[in-house]
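Before any comments, here is the structure.
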Amino acid sequence: MENVTRLQRDILDRLTERDTSASVRWTDVRGIASALSGRLLPPDRVRERPEAVLDAFLDALGPLVGPENGAEVWRFVKASGAKDDRLRIRAMQMAKGLPIHCASLVLYADAERGVYRAQSGGYREVDVPPLEYRGRPVDVGQREQTLRRRLIRNLRADEAGAKFIDRKIETGFGDDRIAERNFPLNAPPVHWLYPQKDEFRHVLRLYAYQPTEWLGVNGETTKSIKMVDMVVDLLTGRTIHQGGPIGVWSDVTADGRSTLQQGGGYITRPLLAVREDMAERLLVNRTNTTDIFTHHAGGSDSGLETKLQNGTDLSTDTDGHWNDTTTSCTGTDREDSQQPETDAHFFAQEAYRYYDGLGWEGFDNGEWGTSACDVRVTAHIGIDDNAYFWRWVDGSGRHFGYLAFYDGECSGGSVAMDFMAGDPGIFAHEYQHAVTYFGSVDSAGDPGYLETGGWHRALHEGLSDSAAGLRTGQWTAPGLWPDGACRNDRPFRRIEYPRSTDTKSGSAYVDHYDDRVGAGAPYSNSTILSHALFLAGQGGVHERTSRPAELIPVPGAGNANIFAVMHDAVTDYFDSIPANSTGVQTMIEAANLILDAAEAAAGDTRSCEYDMLRRAFYAVGLFPFDSSFVKQSYGGEACMLPWTVAWKHSRPYLGFPAHWWRSPDLFVNNGSGVEYDADVGAENDLFARVRNIGDQDLTNVVVRFYFRAHGTALPPSSTAWKPCQDSTGTDCVLTIPTLAAGSMNIANPASPPASQAVKWFLPASEIVAGVDHFCLRAEIEVAGAANHDNDCPYRVQSNVSYTPLSLADGLGIRFIVANWEKESVPLDLEIDDRALPDGVRLHFEGPGDLKDRRLEPGEEVALHWKVEAPLRDADWFRPPFDGAVTGRIAGDLLNGAWFDAELSDVRTVRQVAPRRTVHVEGFLAGRLRRRDRKLQGRFEGELNTEDGTLTGVWVTVRHRARRRPKHVKLEIKAALRPTRAVHFTQRIRGEPVGGVTYTLRWPDRDRPS
Ligand SMILES: [Zn+2]
């Protein structure tokens, strides 16, 4: 805190003396507190009128959030009690009678705590520049007239604009006399002060029909006539900001037939519609507080606002089955398909219910007018791989929103991208744009505070991608459905690993603040935010090849939990995000506000939601910062990689095998390499690879080890496990005296330092009911480390067993299923044997039957299975082909260098000659053995299915900060050893509680020379 006045200091001291739990987030550049929390005003003061509460707050604490004469400069805007009796009071800062853009003050209060939080986008000092241009006074009224004439000229100069004027005059303005008088504006412009860098400008804010160019998800620019919001410099006439539709990527889902298929047929979706005059049916859903309308735009988005405004061109069907489908790629055939209308209407209802569950109705929660605005969606706006959210504003200042979806894109006459409304993720993305638009409001209380360019746009897109991922569990945009949006193409973005260039455009996106690009590339920067929310919700491992720590594991706190936190932040807190001109500060403050929302939801900072968000924002460089937005130290934090299934979306990019229930950091090594099957009746060397992912050293990191018989549902608390002990009965405890920032205690698990081993004696008496394999758990404690002071456990497990491939035939599998709940539950066991080739069979051997089986509370049962694998050696090279690749690089570059990698997402094409060879394509990620350098990228080549020899070209990608990624083509000759494994996952009430993995280990042989 630097920029603090004596008065402010005194008030702060008094506040923190009175309330030791009070906290303040200062912003030096504005000389005010951007967030204050604590007992700011007692509960009895909150019973007064909202205006009086505001005055009382300004009397007591005003100088902390704005100028000293607070009562004179803050103008009451409105109060709302949106959720659970919570009161929000909003005010805007004025200077010389002019409202200041971004300068919102929001007070949060309830009956129990009084005013407990305040957020300010205000300024302590405001220099209002004189209303002069080149030394001469400026007449505002005259400037407004000049501006209107210029906007008409702009419109008429554009071919589509001229037609638009004629059509608009023909169709008229309905009852909107204000809009008619001010055309092409919807109402007279309003005079504001607008922050630009370090000063304020006189601006006119307005909405007007103008030709716009806007950036779509596909990265290309589209032109059309839209009602846009504009900020124009009043003195120079220069346009400071002009909005444009927020485009995305989208695709299909849809009683009617969906764009998506399942089991070879189109998914049938239930729809809610209305029937008109006992004749045709219309896609109108009237079961919610706000109606949902789905339109058919007839192949173009021109005049769309008028259609939506007047409710024309609704999607209709005579018998109520929207069953027309197409695979054709001519425009008219695609317009005739009812798939996108089906999907859009269905997804709108799903989205409505989801947000309703969080206390938010429709697009705007009914906050902008006498009633909520309708949810309007339209399909068939033309051929393109795009979609957008946009809105219109009427003369009285009411805002109406809509989502619009293109019919997809063709390539060489066939469908490259399917109907955009069909992709659940793209629809979810666009819907969130609407909620973000109405959820974050400007200092006058109007929606759309987050602008459609620069870092505000990066936030908009990051939130939309996050909402899509958190709601659907798909983290590519669009999702990689076999029949969905990207059916013959790559996704636009990979939020799970933004730096991947395996995208439609071949471009990488940013996943760290320090790698950020200019504000003009908002999609590129948006993934800094969305990737962090992916890590915190879904769970993943963040990789940083150029800065320590290299891998940062973030076990997810749950998609629904993180979504709720994000939604609270957007709809409650985002009104005081700094102005767009402050650039990246806006994203740092967004991260702070999301953390504030997580803290508010739990009441403290000890929850897994808070802690995973904090670690994720640190991983992407958005946290922590001081009051001048200078990066601060995070501290130390000791972690291990959890079982692989917890970061399954990161795995292919990092080069780890799909051994789902295994932690790569918890293993046995008795001198012959990494193992997971401990010797019974002997002492084993047990290892925990601990990573200090933080930026400060840690001391006295303690790891405790536990075991239990191999099982899918193991007790959550370690007290119900057995501690690993040595042969004298002493608990195994690893103490790491010092773990340097960014380092690990074990560099190479194949040859770990002896000092890091604990000696685990496994007595034969532990083998019960034939279960002779054991799950391992490690738990980390770091006393006194600030980042470890929370209620989220630092524990990992390895529930994996390995058997030589040669012993696969007749292999017996035995593990325990259990119920640790308080009531009886059905046994819900998912068996994933997709990694086994054709011919291998898995038999259930009892006891009893699996069907309709229940588990009583506390019940544990050992289940037996048998593998039958009547295969000869070469038969093991039948598909699938995802697996380990070991070999050498051929050709000029890196010639002869050995590497180890993992091939995933494999597609195969069988060739005619030579026999026993198939063409394979996939994603290959791994490391050069010598230099320990990471390599990743697409692979294409030939696989010999007699012996697994793999030859071909690996296009690896190198990232250099802030520069374009560099592609290097490497020829390789290698051996593929496909993953052969079977995974059992136990679910309770649909949620996985744990699982076990059985892996078949290939003999180490046949390395190509
Ligand atoms: Zn978007």
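Rounded to the nearest 5, the antiparallel percentage of DSSP beta bridges internal to segment 294-419 is 65%.
Please give the net charge around PHE623, taking every other residue with its beta carbon less than 10 angstrom from that of PHE623, where Lys and Arg add +1 and Asp and Glu add -1. Charge balance near PHE623 sits at +3. Under a 5 Å amide H cut-off, with hydrogens placed 1.01 Å from N, GLY540 pairs with VAL554, GLY556 among residues at least 5 apart or on other chains.
Counting only protein heavy atoms and a probe of 1.4 Å, the accessible surface of the chain is 46% carbon and sulfur. Spin-label model, GLN142 to SER23: label points 7 Å out along the Cα-to-beta-carbon direction sit 5.4 nm apart. Comparing ALA387, ALA157, LEU36 along the charge dipole axis of the chain, the residue lying farthest to the positive side is ALA157, per the Cβ-charge model.
Here the convex hull built on the C-alpha positions of segment 425-473 has a volume of 58 cubic angstrom per residue. Gyration tensor analysis over the Cα atoms of segment 633-680 returns equivalent ellipsoid semi-axes of 23, 17, 9 Å (largest first, whole Å). Computed with a 1.4 Å probe over protein heavy atoms only, the accessible surface of segment 124-184 comes to 71 Å² per residue. Sorting 399-409, 635-645 by their mean Cβ neighbour count within 10 Å, with the most densely packed peptide first, gives 399-409, 635-645. Take every pair of alpha-carbon atoms less than 8 Å apart whose residues are at least six positions apart; their mean separation over the length of segment 330-472 yields a relative contact order of 20 percent.
Peptides 386-395, 819-828, 181-190, ordered by how many other C-beta atoms sit within 10 Å of their residues on average, highest first, read 386-395, 181-190, 819-828. Residues whose amide H comes within less than 5 Å of that of LEU87, counting only those at least five positions distant or on another chain, are ALA109, ASP110 (H built at 1.01 Å from N in the peptide plane).
Once all protein chains are placed together, LYS163 keeps about 120 Å² accessible to a 1.4 angstrom probe. Surface exposure of segment 326-456, expressed per residue as accessible area with a 1.4 Å probe, stands at 22 Å². Around the amide H of LEU855, modelled in the peptide plane, lie the amide H atoms of VAL825, LEU827, all under 5 Å away and 5 or more residues distant in sequence or on another chain. Against the empirical curve 2.2 N^0.38 Å, the C-alpha radius of gyration of segment 102-174 lands at a ratio of 2.01. Here the ratio of the Cα radius of gyration of segment 783-924 to 2.2 N^0.38 Å is 1.53. Computed 3J(HN,Hα) for segment 376-388, one whole-Hz value per residue from the Karplus formula 6.51 cos²θ - 1.76 cosθ + 1.60 where θ = phi - 60°, is 10, 9, 9, 10, 6, 9, x, 8, 5, 9, 8, 6, 7, glycine and proline marked x. With R₀ set to 56 Å, the beta-carbon distance separating ASP838 from GLU159 gives a calculated FRET efficiency near 0.40.
Computed extension gain for ARG275 through THR316, at 0.36 nm per residue and net of the alpha carbon distance, reaches 13.8 nm.
Using R0 = 45 Å, the C-beta based FRET efficiency linking GLU821 and LYS648 works out to 0.95. Stretched out straight at 0.36 nm per residue, the stretch from LYS973 to ASP905 would grow longer than its current Cα-Cα span by 22.5 nm. Here, segment 279-433 has an Rg and a Dmax of 15.2, 50 Å when only alpha carbons are counted. Note on segment 559-673: along the principal axes its Cα atoms extend 59, 30, 27 Å, ordered by decreasing extent. When the alpha carbon gyration tensor of segment 360-448 is reduced to an equivalent ellipsoid, the three semi-axes, largest first, read 30, 12, 10 Å.
Heavy-atom accessible surface of ASP139, to the nearest 10 Å², is about 80 Å², with a 1.4 Å probe and all protein chains retained. The Cα atoms of segment 685-809 define a convex hull whose projected area, averaged across directions, is 9.8 nm². Solvent-accessible surface of segment 689-751, averaged per residue with a 1.4 angstrom probe and all protein chains in place: 42 square angstrom. Report the percentage of all Cα-Cα pairs in the chain whose separation exceeds 54 Å, rounded to a whole percent. In whole percent, the share of Cα-Cα pairs in the chain beyond 54 Å is 21. Between THR605 and THR289, the simple spin-label model (points 7 angstrom out along Cα→Cβ) gives 3.4 nm.
Taking a sphere under 14 Å around the Cβ of SER300 and counting the other residues whose Cβ falls inside, with K and R at +1 and D and E at -1, yields a net charge of 0. For the pair GLU683 and ARG181, label points projected 7 Å from Cα toward Cβ lie 9.4 nm apart. To the nearest Å, what is the center-to-center distance of segment 937-960 and segment 156-211, using C-alpha atoms only? First find each Cα centre; the distance between them is then 56 Å. Taking a ≥ b ≥ c as the square roots of the eigenvalues of the Cα gyration tensor, an a/c ratio of 1.5 or more together with a/b no larger than b/c marks segment 1-105 as oblate.
If the chain linking MET1 and ARG149 were pulled fully straight, counting 0.36 nm for each residue of separation and taking away their Cα-Cα distance, it would gain 48.5 nm.
In this structure, the pairs whose alpha-carbon distance is over 26 Å, taken from LYS722/LYS822; LYS223/LYS969; LYS78/LYS168; LYS648/LYS759; LYS648/LYS934, are LYS223/LYS969; LYS78/LYS168; LYS648/LYS759. Across the options VAL190, PRO50, ALA421, the greatest Cα extent toward the positive end of the charge dipole of the chain (unit charges at beta carbon of Lys, Arg, Asp, Glu) belongs to VAL190. All Cα-Cα separations within segment 739-790 were binned at 10 Å from zero, giving a P(r) of 15, 33, 31, 18, 3, each value a whole percent of the pairs. Calculated translational diffusion coefficient of segment 402-520 (10 °C, 1.306 mPa s; Stokes-Einstein with Kirkwood radius over alpha-carbon pairs) equals 104 µm²/s. Label zone (THR236, point 7 Å along Cα-to-C-beta; backbone nitrogen cut-off 18 Å) within segment 83-124: none.
Residue ranking by accessible heavy-atom surface, 1.4 Å probe, largest first, among HIS191, HIS843 comes out as HIS843, HIS191. Measuring between their Cα centroids, segment 279-317 and segment 714-759 lie 63 Å from each other. Sum -39500 (n - 2.57) across every DSSP H segment of at least 4 residues in the chain, then divide by the residue count to get the 222 nm mean residue ellipticity, nearest 500. Using -39500 (n - 2.57) per qualifying helix, the result is -6000 deg cm²/dmol.
The heavy atoms of GLU350 present about 80 square angstrom of accessible area, all protein chains included, probe 1.4 Å.
The values are calculated or read from the model by the stated rules, or taken from the named source; none is laboratory data. These numbers were taken from a predicted model, which means no experiment stands behind them. Here the Cβ is made from the backbone with ideal geometry for all residues, glycine too, and neighbour counts use every protein chain on show. Side chains are part of the model used for accessible areas, which takes the heavy atoms of the whole protein and leaves out ligands, DNA and RNA. Shrake-Rupley method; radii C 1.70, N 1.55, O 1.52, S 1.80 Å.
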